[in-house]
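A.B. asks: The structure follows.
Throughout, read-outs are computed from the coordinates displayed, never taken from laboratory work. If you're wondering where the values come from, they're calculated on a predicted model, not measured in any experiment. Backbone-built Cβ (ideal geometry, glycine too); neighbour counts: all protein chains shown.
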Amino acid sequence: MKIVVAIKQVPVRDSQLRVAADGKWIEESGLSFEINEPDAYALEEALQLKEKHGGEVIALCAGPAGASQTIREALAKGADRAIHVEEQTLSGLDTLGVAHLLAAALKNEAPDLILTGLQSDDLGYGQTGVVLAEILGLPHATIIMQVEKLDGAIRVKRELEDGWFQSVHIPLPAVLTIQSGINKLRYATLMGIKKAKTKEIKHLAAAELDSPRVPVATLDRIYLPQRSKQTQILEGAPREAAAKLAEKLKFEVRVI
């Protein structure tokens, strides 16, 4: 099987974020980055499928030159090669724009399976995988907890609500978005880190790809939420004050 895994570079989860001077985005200088955790689970699932059925795993990443660190991490864990769509900033692209970039990068690959994480840790839209499937004209399924290869198809287990699951047969090629926790993540071995230095990374300039530039709404500014404290004294007898408190919790705060 030829499996492509779309990965994204995101700030480390416990990073202290600051708004940039222009107010348009966060200040990225001095931040540490890592592979998006849901994408790490997608990569792990791809590697396990390769170990069972053979083939190759290709890491696909759109982002600035600095994303090479994240790509090397995927190669160190076991991906065979990588494709890096170099785009200095993705903040000017919405999900559709990013999906078009990824689709253009896959034009000559013809993979059997494309995996993405369920959503990104930074923006959390949860749409890139399904939009990519629509652009490529491929069947897709989301929130995947298990993948079983069949003859020319796969059977997947989808997570629904309230502890329910759904089994679906999907013909190949297909696109899946993987749920976090589907497997136990592996660490890159010392040998894997050494091998990653010799593995192929294909660099593609986003501006040179045959990908439509989808206009998006302009981000005016971002800002930290304002903190405020308000104290309200409920007068009256204990029973009366308790009734007022219950009413406010139910209709104003909406926690009961």
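A.B. asks: Under a point spin-label approximation (7 Å from Cα along Cα-to-Cβ), what is the I256-L123 distance to one decimal in nm?
C.D. replies: Result: 4.1 nm between the two label points.
A.B. asks: Modelling each spin label as a point 7 Å along the Cα-to-Cβ direction, I'd like the E27/H53 distance in nm, to one decimal.
C.D. replies: A separation of 4.8 nm, rounded to one decimal place.
A.B. asks: Quick one, which of [x] 22.3, 77; [y] 18.1, 56; [z] 18.1, 62 is the actual Rg and Dmax of the Cα atoms in Å calculated for this model?
C.D. replies: The value computed from this structure is option [x].
A.B. asks: May I pose another question? For the chain, what does -39500 (n - 2.57) per DSSP helix run (n ≥ 4), summed and divided by total residues, give at 222 nm, in deg cm²/dmol to the nearest 500?
C.D. replies: About -8000 deg cm²/dmol.
A.B. asks: Would you please state which residues of region 238-254 a label at Q226 would reach in this model, taking the label point 7 Å out along Cα→Cβ and a backbone N cut-off of under 18 Å?
C.D. replies: Those under the cut-off are none; the list is empty.
A.B. asks: Here is a further query. Using the Cα centre as the reference, give the magnitude of the dipole from point charges on the C-beta atoms of the chain (Lys, Arg: +1; Asp, Glu: -1; all else neutral), rounded to the nearest 20 debye. Write down the numbers at each step before the final one.
C.D. replies: On the way: 31 positive and 34 negative charges, 108 e Å.
With only Lys, Arg, Asp and Glu charged at Cβ, the dipole is about 520 debye.
A.B. asks: For a quick check: with amide H placed at 1.01 Å from N, whose amide H comes under 5 Å from V5's, ignoring anything fewer than 5 positions away on the same chain?
C.D. replies: I58, A59, L60, L115
A.B. asks: Roughly how tilted is helix 37-53, in degrees to the nearest 10 and between 0 and 90, from the longest Cα axis of the chain?
C.D. replies: 30
A.B. asks: How far is helix 238-251 tilted off the main Cα axis of the chain, in degrees rounded to 10, range 0 to 90?
C.D. replies: Once rounded, the angle reads 30 degrees.
A.B. asks: Using alpha carbons only, how many angstrom separate the centre of region 132-160 from the centre of region 57-79?
C.D. replies: 23
A.B. asks: So, one more: So between I193 and V12, what do we pick up on full extension, going 0.36 nm a residue minus the alpha carbon distance?
C.D. replies: Computed gain between I193 and V12 is 63.1 nm.
A.B. asks: Are any of the pairs K2/K157; K8/K250; K24/K250; K24/K195; K24/K107 more than 30 Å apart by Cα-Cα distance, and if so, which?
C.D. replies: K8/K250; K24/K250; K24/K195; K24/K107
A.B. asks: Rank the residues D122, D22 as a footprinting-exposure proxy: fewest other Cβ atoms within 10 Å of their Cβ go first.
C.D. replies: Listing D122, D22 from fewest to most nearby Cβ atoms yields D22, D122.
A.B. asks: Can I ask one more? Give the order of E86, E73 when sorted by the count of other beta carbons within 10 angstrom, beginning with the fewest. Walk me through the numbers on the way to the answer.
C.D. replies: Details: E86 17, E73 22.
Least to most surrounded, the residues fall as E86, E73.
A.B. asks: Rank the residues E44, E200 as a footprinting-exposure proxy: fewest other Cβ atoms within 10 Å of their Cβ go first.
C.D. replies: Ordered from fewest to most neighbouring Cβ atoms within 10 Å, E44, E200 come out as E200, E44.
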